[in-house]
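Peer 1: The structure follows.
The values are calculated or read from the model by the stated rules, or taken from the named source; none is laboratory data. It should be emphasised that the depicted structure is a prediction, and the values quoted were computed from it without experimental measurement. Here the Cβ is made from the backbone with ideal geometry for all residues, glycine too, and neighbour counts use every protein chain on show. All accessible areas refer to the heavy atoms of the entire protein, side chains included, with ligands and DNA or RNA removed. Shrake-Rupley method; radii C 1.70, N 1.55, O 1.52, S 1.80 Å.
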Amino acid sequence: MTRDEILASSSMPLVSPSYPKGPYRFINREYLVIHYESDPDAIRAMLPEPLEPDGNHVFFEWMKMPDSSGFGSYQESGCGIAAKWNGTPCNYSAQMYLDDEAPTTGGREIWGFPKKIGQPDLRIIHDTLTGTLHYDDIRVAMGTMAYKYPDLVLDHGKVKAEMEKLNVNLKFIPHIDGTPRIAELIGYHLTDITVKGAWGGPARLDLVAHVNCRVADLPVRKVLYGRHLVADLTLPYGKVLHDYLAR
């Protein structure tokens, strides 16, 4: 294997890469997103500087991705924090749990998504859109939303604008000696978004404390609203917003 062949590779292991080069297109991605207020001190403890909280607003989401270029079909769940980057509103990804290796590895290595292996599941149970998250066979989260309330259909243009909001991750990769090698805030915007469905409605969220899946560290103080979305979109590469190792 030559140097040029090595540098042209997309990911490890080079003899059987975990994922191809991007950007990555998602078809019929389905969301359940539950927005809620949490504890201000808990938010501040989980939000890396220089990001600032944008109120006490947190969201917990489930995503079913049946058609994802390079990653296949998988599900994902996790929580994010409404924040501000130099005054610009953004969403900070705090925790994510997936049932597939390729997007877990790719998300961590490229964008710094805080991904671990878990068992998320988003499905319709009669009149309820239901999301569950299991970690090591223990249910640590359950979200429910009334299914497609007809009087709460959302404006697709407004939903698209919300999805185009700046997203921020903390990418951390250690050196061979255990010291930090990469410590950066990464920013990206979803692109080429086509909203196929968007509904609002009443929702509930239950989180369970677990030492290795700390979703309950952002406790639910008040559920604000639920969102049910279906969209096509592209996840492009991002850019470095802040380098913690820069002098």
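Peer 1: Looking at the stretch 29-39, is at least one residue open to solvent by 40 Å² or more (accessible area, probe 1.4 Å) and within 22 Å of residue 238 (Cα to Cα)?
Peer 2: no
Peer 1: What do you reckon, is residue 205 modelled with pLDDT of 95 or more, aliphatic (A, V, I, L, M), buried (at least 19 other Cβ atoms within 10 Å of the Cβ) and more than 22 Å from residue 168 (Cβ to Cβ)?
Peer 2: So residue 205 fits the description; yes.
Peer 1: Also, I was wondering about something else. Could you tell me whether the stretch 44-51 includes any residue that is among the basic types (Lys, Arg) and closer than 19 Å to residue 162 by Cβ?
Peer 2: No - not one qualifying residue is present in the stretch 44-51.
Peer 1: Here's something else I'd like to know. Residue pairs, Cβ under 8 Å, 6 or more apart or interchain, first in the stretch 120-144 and over 14 Å from residue 226 (Cα atoms), second of a type in the set (Val, Ile, Thr) and surrounded by 22 or more Cβ atoms within 10 Å (Cβ to Cβ). List them.
Peer 2: 133/140; 133/215; 134/140; 140/215; 141/215
Peer 1: Where residues in the stretch 44-66 are of a type outside the set (A, V, I, L, M, F, W, C) and within 16 Å of residue 122 (Cβ to Cβ), which of them is least open to solvent (accessible area, probe 1.4 Å)?
Peer 2: 61
Peer 1: Let me ask you something else. Restricting attention to the stretch 157-174, report how many residues are outside any strand (DSSP E or B), open to solvent by 70 Å² or more (accessible area, probe 1.4 Å) and either under 24 Å from residue 217 (Cα atoms) or not basic (Lys, Arg) (or both).
Peer 2: 2
Peer 1: When the stretch 184-195 is examined, which residues are found to be closer than 21 Å to residue 48 by Cβ and open to solvent by 60 Å² or more (accessible area, probe 1.4 Å)?
Peer 2: The one that is closer than 21 Å to residue 48 by Cβ and open to solvent by 60 Å² or more (accessible area, probe 1.4 Å): 189.
Peer 1: Quick check on the stretch 2-9. Is at least one of its residues at negative phi and buried (at least 16 other Cβ atoms within 10 Å of the Cβ)?
Peer 2: no
Peer 1: Against the condition within 30 Å of residue 126 (Cα to Cα), part of a strand (DSSP E or B) and open to solvent by 60 Å² or more (accessible area, probe 1.4 Å), how does residue 181 come out, does it pass?
Peer 2: no
Peer 1: Could you check residue 69 against (1) open to solvent by 40 Å² or more (accessible area, probe 1.4 Å); (2) touching a Lys or Arg at 6+ places or on another chain (Cβ under 8 Å); (3) farther than 21 Å from residue 189 by Cβ and say which number it fails?
Peer 2: Going through (1) open to solvent by 40 Å² or more (accessible area, probe 1.4 Å); (2) touching a Lys or Arg at 6+ places or on another chain (Cβ under 8 Å); (3) farther than 21 Å from residue 189 by Cβ one by one, residue 69 breaks only (3).
Peer 1: May I ask you to list pairs of residues, at least six apart or on different chains, whose Cβ atoms are under 8 Å apart, with the first in the stretch 191-207 being closer than 23 Å to residue 36 by Cα and the second being basic (Lys, Arg) and in a strand (DSSP E or B)?
Peer 2: 198/227; 199/227; 200/227
Peer 1: Can you tell me how many residues within the stretch 42-97 are without any contact (Cβ under 8 Å) to a residue 60 or more places away in the chain, touching a strand residue (DSSP E or B) at 6+ places or on another chain (Cβ under 8 Å) and among the polar types (S, T, N, Q)?
Peer 2: Final tally of qualifying residues: 4.
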